[in-house]
1. Being part of a helix (DSSP H, G or I) and among the β-branched types (Val, Ile, Thr) is the filter here, so list the residues in the range 336-366 that pass it.
2. Could you list, in sequence order, the residues of the range 242-262 that are among the aliphatic types (A, V, I, L, M) and not in a helix (DSSP H, G or I)?
3. Looking at this structure, is THR246 among the polar types (S, T, N, Q), open to solvent by less than 10 Å² (accessible area, probe 1.4 Å), over 29 Å from LEU398 (Cβ atoms) and at pLDDT below 95?
4. Would you please name the residue that is nearest to GLU137 (Cα to Cα), looking only at residues in the range 408-433 that are at pLDDT below 95 and either part of a loop (DSSP other than H, G, I, E, B) or touching a Gly at 6+ places or on another chain (Cβ under 6 Å) (or both)?
5. For the range 282-306, name all the residues that are in a loop (DSSP other than H, G, I, E, B) and open to solvent by 40 Å² or more (accessible area, probe 1.4 Å).
6. Checking the structure you have, find out if any residue of the range 274-281 is open to solvent by less than 10 Å² (accessible area, probe 1.4 Å) and in contact (Cβ under 8 Å) with a residue 40 or more places away in the chain.
7. Quick one: which of LYS309, LYS255 is in contact (Cβ under 8 Å) with a residue 40 or more places away in the chain, open to solvent by 10 Å² or more (accessible area, probe 1.4 Å) and either in the same structural domain as LYS366 (by the TED database) or out of contact with any Lys or Arg (no Cβ under 8 Å at 6 or more places or on another chain) (or both)?
8. I'm told ASP371 meets every condition in (1) modelled with pLDDT under 95; (2) in a loop (DSSP other than H, G, I, E, B) except one. Can you identify the failing condition by its number?
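The values are calculated or read from the model by the stated rules, or taken from the named source; none is laboratory data. Computed from a predicted model, the values in this text were never measured in an experiment. For neighbour counting, all protein chains shown are included, and Cβ atoms are generated from backbone atoms with ideal geometry for every residue, glycine included. Heavy atoms of the whole protein, side chains included, go into the accessibility calculation; ligands, DNA and RNA do not. Shrake-Rupley method; radii C 1.70, N 1.55, O 1.52, S 1.80 Å.
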Amino acid sequence: MVIIKNIIHVTFLYFRNLFSKRTKELKSVVHSAPGWKLFGKVPPRENLQKTSKIIQQEYEARTGRACKPPPQSSRRKNFEFEPLSTTALILEDRPSNLPAKSVEEALRHRQEYDEMVAEAKKREIKEAHKRKKIMKERFKQEENIANAMVIWINEILPNWEVMRSTRRVRELWWQGLPPSVRGKVWSLAVGNELNITPELYEIFLSRAKERCKSLSETSSENDTEGVSIADREASLELIKLDISRTFPSLYIFQKGGPYHDVLHSILGAYTCYRPDVGYVQGMSFIAAVLILNLEEADAFIAFANLLNKPCQLAFFRVDHSMMLKYFATFEVFFEENLSKLFLHFKSYSLTPDIYLIDWIFTLYSKSLPLDLACRVWDVFCRDGEEFLFRTGLGILRLYEDILLQMDFIHIAQFLTKLPEDITSEKLFSCIAAIQMQNSTKKWPQVFASVMKDIKEGDKNNSPTLKS
C-alpha cells in the first residue's frame, strides 16, 4: 500500500508541474495576442509598418539573392520644396528590380524638371506682378475718388448751376461720380419738374397702402371675374411678384430684406401717382438703384421725374410709334459707327427692339454689373437719353468681333444676357469711340428729322390724301 501511495504522489506532482507550465505558456500567449478578453480589452501588439528596406530584406531572404545597393548619385537631395509625384518620378531613380536610367535619360529628366520649376516660378512671378498691379490700380482709384469727392463737395455742389456745364466738371463726371455724392448729383441733374414734395409722397404712399389692403380683401373676387393684362401690370399684386426678381443676388430687396418694404412703397406710391402709366416690369430695377443711393422720399421724387422724361415715358407707356422713332434714330448712328455689324444684323433681319427694349426699360441696371450700371447712370444724368443709345452702340462695338460670327438666335441670346466679366474701362473706351454725329447732325437733329420723315410718310399713306 505504501508503494502504491508513493507512486500516486509522484504521478500527481509530475502532472501538476506539467499543467502549471502549460498554463503559464497559454497565459503568455493570451496576453501577447491582440484581441479581446472577457473583462476588458487587451492592448494590441505593436504592429510596425514595413518599410521598403524591410520588404527588400524579406525578398532577399526568400529568394536567396542579394540585390546590389544602388550607386550613390551625386544629385542634390536637399530641395527647397517637397517634390510632387510628377517631379518625384523625374528626379528619383527607378526601383532596383528595374533597369536603371541611362545617363542621357537622367539628364533629359533633370532638364524637364528644371524647365517645370522655371515655368512655375515664372508663372508665380507673373501672378504676383498682376496682384501688385491690381492693388496699385485700386489704391490709385480710391485716391482719385477721395480727391474727386473733395472737389464735388467743396467746389461743385455749392455752385451747381454755375459749374455743372463747365468742361472741368463734365470731365470729372465722365470718370464716374464718387459714391458719397452720387445720389445728390443724380437728384440735381434729373431735377424736379413735377414739384413733388416729401409730403406728397406720403399722401400717395398712404393711398397705396389702402389700395393694397383692399386688393388683398377682394383678390378672390378679381380672380374669378378675370382682369386684363394691363390691369395686372398696374396692380400692386404684380409689384410684389416683380420685387422678388429685382437684384436677387443681393438679397436685400426680397421679402425679409432691409429694402423690401421701401421698394414696395415707392412702386406702390408711383402707381397711385401715375395711374395712366401704372406699373411696368423693369421699373423695380430703376427704383432699386435709386434706393441704394438716396433716401426714400428723395428716391421717389427722382424716380417719378426720371420716368417723366420723353424717352422713358414713351417706353413705359409702350408708345409704339415713339419707340419706333427712337429705334430708327439708333439705326442711323449704328450704320454710321459699325457699318459691318449693321449689315450683318440686317442680313438676319435683327431689329433693335430685340435687345434695346430691355436695356432702355431698366437703364442697363439689369444687363450690366451694378457698379458699371451706376457709372452709366452718371453720364446718362449728364447727357440725357442720347447716352443710353450711345451705351448700346458701345456694347455692340465691344463685342463686334464675336457678334459677327453668330447667327440670329445666338446674337439675341448673347445680347439678352451679356458676359459678367465686362469692365468699365473696356466699355467706356468703346463708348468714347462712338461718334454721335451723322454728317453735321447730332442726336437731337437726327431724331427730329426721323420724326418729320415718319409724319410725312403717314400723311402720304393716309386714306384722305389717296382719295
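1. Of the range 336-366, the ones part of a helix (DSSP H, G or I) are 336-337, 339-347, 353-361.
Listed by number, the residues that qualify are ILE354, ILE357, ILE360.
2. LEU250, ILE252, listed by residue number.
3. Working: among the polar types (S, T, N, Q): yes; open to solvent by less than 10 Å² (accessible area, probe 1.4 Å): yes; over 29 Å from LEU398 (Cβ atoms): no; at pLDDT below 95: yes.
Answer is no for this residue.
4. Here the answer is THR423.
5. Here is the first cut: in the range 282-306, the residues in a loop (DSSP other than H, G, I, E, B) are 282, 292-295.
Within the range 282-306, LEU292, ASN293, GLU295 qualify.
6. yes
7. LYS309
8. Result: ASP371 passes all but (2).
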